[in-house]
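Taking it in order: structure first as structure tokens, then the write-up.
The values are calculated or read from the model by the stated rules, or taken from the named source; none is laboratory data. The structure presented is a predicted model; accordingly, all values stated were derived computationally and were not measured. All Cβ positions, glycine included, derive from the backbone under ideal geometry; neighbour counts span all protein chains shown.
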Amino acid sequence: MDFTKWQGCGNDFVLVDCLQEKIRDYAAFARKVCDRHYGVGADGILVVLPSEKADFCMRIFNTDGSEAEMCGNGIRCFARYLYDNGIAKGTEFTVETGAGILVPKIVTEDGAAKAVCVDMGKPVLAGDEIPVTGFGKGQVVSEPIEVAGKTYAMTCVSMGNPHCVIFVEDIAACGIEHIGALFESHERFPRKTNTEFVEVRDRKHMRMRVWERGAAITLACGTGACATLVAAVLNDKADKKAEIELDGGKLVIEWADNGHIYMTGPAEQVFSGEIEE
């Protein structure tokens, strides 16, 4: 089957257009194709499908075969694929995801696509909807959580998928390699969680590293960057529009007056090829 390889801030995906192709077992295919030694290598697969609710439907599967509700870098790559190949009619269209219907917009310059801006919708802040146990409908802002014998202050947000944001003094010393998996599987998170470790440089700039649920450390996480801005605003650490620097690049995130989060960043095709299912 034909595929294309994409990356958004280094967060990479194998995209299969199932308007044309067919995958029998998405989870098994994801585990095989994402393997960086025996497959193509990726943080996940993106699947283009028809939708009865929107212009298109996007499904995403992690390297371990689990399905994610949403992926911010993934939807930018998904949108750019549809635009570059003339499948989407126009620069703005709707995409059905596990987190609801989202609206990406291709940002053009002199007729060429330069970036993708996505209306990510409103953040979910109620603890039991994120979900985080023990807080009911209340917000989870700078609440204590103990991991590996140390107490951290967590702020939790859902962008259609769960996030736990931890502010640190020194991003280089956060120990993500050792504690990321412990946060992901902590008993507070019944559906596991993505975890962002964030160093605030100033009110318009932050440095973030991420441990993604089902994928471990990745170079970037778009929904995580959105959750980071929300958490920073809730803790009065940042303005409502800021640049988030990730391991693989930079995203601009804005929490607009209408309550929606807007994410703007790159999406680039790396190569195309064929693979046996």
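A few points about this structure:
- Residue among THR97, THR63 that alone is β-branched (Val, Ile, Thr), touching a residue at least 40 places away in the same chain (Cβ under 8 Å), crowded, with 24+ Cβ neighbours inside 10 Å and touching a strand residue (DSSP E or B) at 6+ places or on another chain (Cβ under 8 Å): THR97
- Selection within the stretch 232-264 - surrounded by 15 or more Cβ atoms within 10 Å (Cβ to Cβ) and on the phi > 0 side of the Ramachandran plot: GLY249
- Flag if ALA181 is farther than 18 Å from VAL230 by Cβ, hydrophobic (A, V, I, L, M, F, W, C) and modelled with pLDDT under 95: no
- Residue within the stretch 171-182 that is of a type outside the set (Val, Ile, Thr) and either touching a helix residue (DSSP H, G or I) at 6+ places or on another chain (Cβ under 7 Å) or within 27 Å of LEU102 (Cβ to Cβ) (or both) present: yes
- Residue in the stretch 136-160 that is surrounded by the fewest Cβ atoms within 10 Å (Cβ to Cβ), counting only those that are among the charged types (D, E, K, R) and over 18 Å from ALA181 (Cβ atoms): LYS137
- Residue among LEU49, LEU19 that is more than 27 Å from ILE130 (Cα to Cα) and surrounded by fewer than 17 Cβ atoms within 10 Å (Cβ to Cβ): LEU19
- Tally, over the stretch 100-126, of residues that are part of a strand (DSSP E or B), under 13 Å from MET70 (Cβ atoms) and either touching a residue at least 60 places away in the same chain (Cβ under 8 Å) or touching a Leu at 6+ places or on another chain (Cβ under 8 Å) (or both): 3
- Qualifying residue in the stretch 161-174 (condition: surrounded by 24 or more Cβ atoms within 10 Å (Cβ to Cβ) and more than 12 Å from the chain's Cα centre (by Cα)): yes
- Looking only at the stretch 200-231, and only at residues there that are outside any strand (DSSP E or B) and free of Cβ contacts under 8 Å to residues at least 40 places away in the same chain, the one that is surrounded by the fewest Cβ atoms within 10 Å (Cβ to Cβ): LYS204
- Verdict on GLY127 being crowded, with 18+ Cβ neighbours inside 10 Å, over 21 Å from GLY44 (Cβ atoms) and of a type in the set (Gly, Ala, Ser): yes
- Test: ILE179 is surrounded by 12 or more Cβ atoms within 10 Å (Cβ to Cβ) and part of a strand (DSSP E or B): no
- In the stretch 257-270, the residues that are more than 23 Å from TRP6 (Cα to Cα) form Cβ pairs under 8 Å with partners that are not in a loop (DSSP other than H, G, I, E, B), at six or more places apart or across chains, as follows: HIS260/ASP119; ILE261/ASP119; ILE261/CYS226; ILE261/LEU229; ILE261/VAL230; ILE261/ILE253; ILE261/GLU254; ILE261/TRP255.
- Only residues that are part of a loop (DSSP other than H, G, I, E, B) and at pLDDT 95 or above were counted across the stretch 51-70, and they come to 9.
- Test result for VAL132, touching a Phe, Trp or Tyr at 6+ places or on another chain (Cβ under 6 Å) and within 26 Å of ALA256 (Cα to Cα): no
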